[in-house]
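Accompanying notes for the structure given below.
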Amino acid sequence: MVRGAYTIYNRVAMSWRFITCAALFITCLLTANVIAAKLVVIGGVVLPAGIVIFPVSYIVADVLTEVWGYGAARRVIWLGFACNALMVLAIWIGGELPAAAFWKGQGAYTEILGQTPRIVLASFLAYLAGEFANAYVMAKVKILTAGRWLWIRTIGSTIVGEGLDSAVFITLAFGGGLPLGTLGGLIAAQWWVKVAYEAVATPLTYAAVGWLKSSERVDTFDYRTDFNPIRM
């Protein structure tokens, strides 16, 4: 059943499957931001540990856009942004509160959870740019392909979205402190790994999309959608 983006909102509000996808998206986002403090080596490439879960948020965003449309994905993206901002605020307040005299973990708390304002700003802007670009490409290419070739839009949207995410974050977070060649290498490494992650997960994406479309009886094409990312 094909529905316009506007007609699905009442159904979305009642769908436990939609709520589950939104919760999974936000969980992946928050978890990635917490564990990103650790640097790991994968295939000789140094990456933040968040790489193990962050790309899943893009896969879930693809599913949200493919099934329920750009408007629904936009709401979840802003919800994720708000939850992330709340988490950062809570962590900052927790760090500023005076520690108990017998507690020796303040240094570790600050090192692992504390983030400089520059890193936080870079993370927020990269998230918004990447996620909205990803959802926009998914929705537009779906119309251009008449709903065929899901793999083209999932991988294509990830190339654009993850590329923007990596470029914005690395540039804003580390620009001026690292040589341009090093910055470019970091961006390319993260971009390649995230896109490869999406490609490997394509069969799971197909399965999830097929099941959700069948269960929800909805397949949204954003013909009349306002793609303004700020509109709620």
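Once backbone amide H atoms are built at 1.01 Å from N, Asp219 has Arg3 as its partners under 5 Å, excluding neighbours fewer than 5 places away on the same chain.
What the phi angles of segment 94-103 give under the Karplus curve with 6.51, -1.76 and 1.60, with θ = phi - 60°, is a coupling list of x, x, 7, 5, x, 7, 4, 4, 8, 8 Hz, glycine and proline written as x.
For segment 181-192, 3J(HN,Hα) computed residue by residue from phi via the Karplus equation (6.51, -1.76, 1.60; θ = phi - 60°) reads x, 5, 4, x, x, 5, 4, 5, 5, 5, 4, 5 Hz, glycine and proline entered as x.
Could you work out how far helix 150-174 tilts from the main Cα principal axis of the chain, as a 0 to 90 degree angle to the nearest 10? Approximately 20 degrees, to the nearest 10.
Under 15 Å of direct C-alpha separation, and excluding same-chain neighbours fewer than eight residues apart, Lys213 reaches these aspartates and glutamates: Asp62, Glu66.
Using the average count of surrounding beta-carbon atoms within 10 Å as a protection proxy, the listed peptides 64-70, 84-90 rank, highest first, as 64-70, 84-90. Once the C-beta distance of Arg231 and Leu144 is scaled by a Förster radius of 25 Å, the resulting FRET efficiency is 0.65 to the nearest 0.05. Couplings 3J(HN,Hα) for segment 125-135, derived from phi with the Karplus relation 6.51 cos²θ - 1.76 cosθ + 1.60 (θ = phi - 60°), are 5, 5, 4, 5, 4, x, 5, 5, 5, 4, 5 Hz, where x marks Gly and Pro. P(r) for the chain, from all Cα pairs and a bin width of 5 Å, is 1, 6, 14, 18, 18, 15, 11, 8, 5, 3, 1, 0, 0 %, short bins first. Straight Cα distances below 25 angstrom link Lys38 to the lysines Lys104, Lys194, with same-chain residues fewer than 8 positions distant left out. Compared with the direct C-alpha span, the chain from Thr20 to Leu86 gains 21.7 nm at full extension, assuming 0.36 nm per residue.
Looking at Cys21, Gly210, Ala37, which one has the Cα that reaches farthest to the positive end of the dipole of the chain (charges on Cβ: Lys, Arg +1; Asp, Glu -1)? Selected residue: Gly210.
Throughout, read-outs are computed from the coordinates displayed, never taken from laboratory work. Bear in mind that the values here come from a model prediction, so they are computed numbers and not experimental data. Don't worry about glycine lacking a Cβ; one is built from the backbone with ideal geometry, like all the others, and counts go over all protein chains shown.
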